[in-house]
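The values are calculated or read from the model by the stated rules, or taken from the named source; none is laboratory data. As the structure is a prediction and not an experimental result, all values here were calculated from the model. Quick reminder, even Gly has a Cβ in these numbers, built from the backbone with ideal geometry, and neighbours come from all protein chains shown. Heavy atoms of the whole protein, side chains included, go into the accessibility calculation; ligands, DNA and RNA do not. Shrake-Rupley method; radii C 1.70, N 1.55, O 1.52, S 1.80 Å.
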Amino acid sequence: MNQPRPPAGLTALRFKLTIAFDGSGYAGWQVQKIGTGVQAKLEEALARLFPSRPRLQSSSRTDTGVHAVGMVAHFDVHRAECKMTPRKLALAINAWLPDDIRVCSAQRARPDFHARFDATGKQYRYFVWNHTAMNPLLRHRAWHVPRKLDVAAMRLATSSFLGTHDFQSFAANPGYARQSTVRTLRRCAIQSNGPLITFIIEGDGFLYKMCRGLVGTLVQVGLGRFSPNETGTMLRTKDRRMAGMTAPAHGLVLWKVFYAEKSGRSAKPAGPAALAPNPQLTA
């Protein structure tokens, strides 16, 4: 969607927002014809503040039920409309948002900064509660897997995913033609802290439901349904039917988005550092 152009003679300011949200009650990030997207709530808040009703351009789309602590978006507003500092802007937007969406930071961006096209990579985290009894505090934020998982086997299986591969076997059909199903993963790690298992997946980009396909397959490796060396074979088949299940949406969090220095990236992307939970209590 094209960004609205300011009227002739007025100079636009561009702001970069880092956003956190609990996706449980939303039909994903994007504005939806059916259901409510997180983007719609933020644009409603911006419309309360600015007569030009700015539109947001985001770094990513998220599926229904997926969460974020490091979503990035930008918008333009007429200079004459905005007299607030970035800090006050974040507070003002939050005043009009529901409790399950928050702007963690706002900052001025270069006029040519673009939240999506300037992104150089993303990190997702997926949380699994591996215990016979589900932690009730995590029931909307982690996948409950009651059977004991073999973490060593899952870690061994992740080696197949690192590097540049065609990940078609782990992605769902988005309903439109894709230019390429090749992506590069820089990191695929598994951390274990008692019953909480965290999958950290970082790459240059992700296909539709790709992260959830990777995690679902790794969990099935941990349950002994696949051997660790089968994940490489799954990749080579380029056939979704040959890989494992798709993990539930509610365990997935968009953790951070990376930008090159020329795009105004801070050394530590805002969001996760401020909101990072005690791993034993929340995700």
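Those residues that are surrounded by 18 or more Cβ atoms within 10 Å (Cβ to Cβ) and not hydrophobic (A, V, I, L, M, F, W, C), I need them from the range 186-201; list them, please.
195, 198
In the set 106, 115, 90, 133, which member is part of a loop (DSSP other than H, G, I, E, B) and in contact with a strand residue (DSSP E or B) (Cβ under 7 Å, 6 or more places away or on another chain)?
Being part of a loop (DSSP other than H, G, I, E, B) and in contact with a strand residue (DSSP E or B) (Cβ under 7 Å, 6 or more places away or on another chain) holds for just one of 106, 115, 90, 133, which is 115.
Being more than 14 Å from residue 125 (Cα to Cα), part of a loop (DSSP other than H, G, I, E, B), out of contact with any Asp or Glu (no Cβ under 8 Å at 6 or more places or on another chain) and at pLDDT 95 or above, is that true of even one residue in the range 245-261?
Within the range 245-261, one or more residues are more than 14 Å from residue 125 (Cα to Cα), part of a loop (DSSP other than H, G, I, E, B), out of contact with any Asp or Glu (no Cβ under 8 Å at 6 or more places or on another chain) and at pLDDT 95 or above.
For the condition among the hydroxyl-bearing types (Ser, Thr, Tyr), open to solvent by less than 20 Å² (accessible area, probe 1.4 Å) and on the phi < 0 side of the Ramachandran plot, what is the one hit in 52, 59?
The conditions single out 59.
So residue 158 passes all but one of these: (1) crowded, with 20+ Cβ neighbours inside 10 Å; (2) β-branched (Val, Ile, Thr); (3) within 30 Å of residue 117 (Cβ to Cβ); (4) under 19 Å from the mean Cα position of the chain (by Cα). Which condition number does it fail?
For residue 158, the exception is condition (4).
Quick one: in the range 220-244, which of the residues that are charged (D, E, K, R) and not in a helix (DSSP H, G or I) is nearest to residue 163 (Cα to Cα)?
238
Under the condition of being surrounded by 20 or more Cβ atoms within 10 Å (Cβ to Cβ) and assigned to a loop (DSSP other than H, G, I, E, B), which residue from the range 161-180 is nearest to the chain's Cα centre (by Cα)?
171
Among the residues of the range 23-49, write down those that are in contact (Cβ under 8 Å) with a residue 12 or more places away in the chain, assigned to a loop (DSSP other than H, G, I, E, B) and open to solvent by less than 20 Å² (accessible area, probe 1.4 Å).
Taking the range 23-49 first, the residues in contact (Cβ under 8 Å) with a residue 12 or more places away in the chain are 23-31, 35, 38-39, 41-46, 48-49.
From what's left, assigned to a loop (DSSP other than H, G, I, E, B): 26-31, 35.
26, 28, 29, listed by residue number.
Which of the residues that make up the range 138-153 are in contact (Cβ under 8 Å) with a residue 40 or more places away in the chain, out of contact with any strand residue (DSSP E or B) (no Cβ under 7 Å at 6 or more places or on another chain), of a type outside the set (Asp, Glu) and farther than 14 Å from residue 24 by Cα? Before the answer, list the steps.
In the first step, residues of the range 138-153 are kept if they are in contact (Cβ under 8 Å) with a residue 40 or more places away in the chain; the result is 138, 140-143, 145, 147, 149-151, 153.
So of that shortlist, the ones also out of contact with any strand residue (DSSP E or B) (no Cβ under 7 Å at 6 or more places or on another chain) come out as 140, 147, 150, 153.
Those still in the list that are of a type outside the set (Asp, Glu) too: 140, 147, 153.
Passing the criteria: 147, 153.
Specify the residue that is nearest to residue 141 (Cα to Cα); the eligible residues are those in the range 66-84 that are in a loop (DSSP other than H, G, I, E, B) and at pLDDT below 95.
84
Output the number of the condition that residue 212 fails; it satisfies all remaining conditions of (1) closer than 17 Å to residue 142 by Cβ; (2) open to solvent by less than 10 Å² (accessible area, probe 1.4 Å).
Single failed check for residue 212: (2).
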